[in-house]
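A short worksheet on the structure shown next.
The values are calculated or read from the model by the stated rules, or taken from the named source; none is laboratory data. Please read these numbers as outputs of a predicted model, since none were measured by experiment. Positions of Cβ are generated from backbone atoms using ideal geometry, with glycine treated the same way; all protein chains shown enter the neighbour counts. Side chains included, ligands, DNA and RNA excluded: accessible areas come from the protein's heavy atoms. Shrake-Rupley method; radii C 1.70, N 1.55, O 1.52, S 1.80 Å.
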Amino acid sequence: MKKFIIEREIPGAGNMTAEELQAISKTSNSVVSVLGKPYKWVESYVTNDKIYCIHEAESEDVIREHSSCAGFPANKVEEVKVIISPATAE
């Protein structure tokens, strides 16, 4: 599977309650379970007005299908080509 970064524009995302974040997490998990395609939600980062998600899937189309079924925006979807870290410098 390929790895993708998804940018979701959600005004006020950083002010969401723990319950609201739990609810959207449950929605995402539910869609993954019925999608019928290889798919993995790795993690997400919540900022003031956006949520950046790391997901693994076969294609951008599958990422967008998940977002559509879940009712989440997918304003920008980028495939990760290479992962680097401080260890890359060694």
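Descriptive notes on the structure:
- Karplus-derived 3J(HN,Hα), 6.51/-1.76/1.60, for each residue of the range 40-51, Hz, glycine and proline x: 9, 8, 8, 5, 9, 10, 9, 10, 3, 10, 8, 10
- Of M16, I5, T27, farthest towards positive along the dipole that unit charges on Lys, Arg, Asp, Glu beta carbons give the chain: T27
- Per residue, in Å², the accessible surface of the chain once ligands and nucleic acids are set aside, probe 1.4 Å: 65 Å²
- The stretch between Y52 and L21 holds 9.8 nm of extra length on full extension. This uses 0.36 nm per residue minus the Cα-Cα distance.
- Under a Gaussian network description of the chain, with springs only between Cα atoms under 10 Å, the residue in A23, A74, A57 that fluctuates furthest is A23.
- Among the GluC sites (Glu not before Pro) in the range 32-75, those located in a DSSP loop and surrounded by at most 15 other Cβ atoms within 10 Å of their own Cβ are E58.
- Rounded if a/c under 1.5, otherwise prolate or oblate - the chain, Cα gyration tensor axes: oblate
- Relative contact order (%) - criterion: Cα under 8 Å, at least six apart; region: the chain: 45 percent
- Cα-centred dipole magnitude for the chain, charges only on beta-carbon of K, R (+1) and D, E (-1), debye, nearest 20: 140 debye
- For the chain: lysine pairs under 14 Å (alpha-carbon distance), excluding those fewer than 8 apart on one chain: 8
- Heavy-atom accessible surface of the chain: percent carbon and sulfur, 1.4 Å: 52 percent
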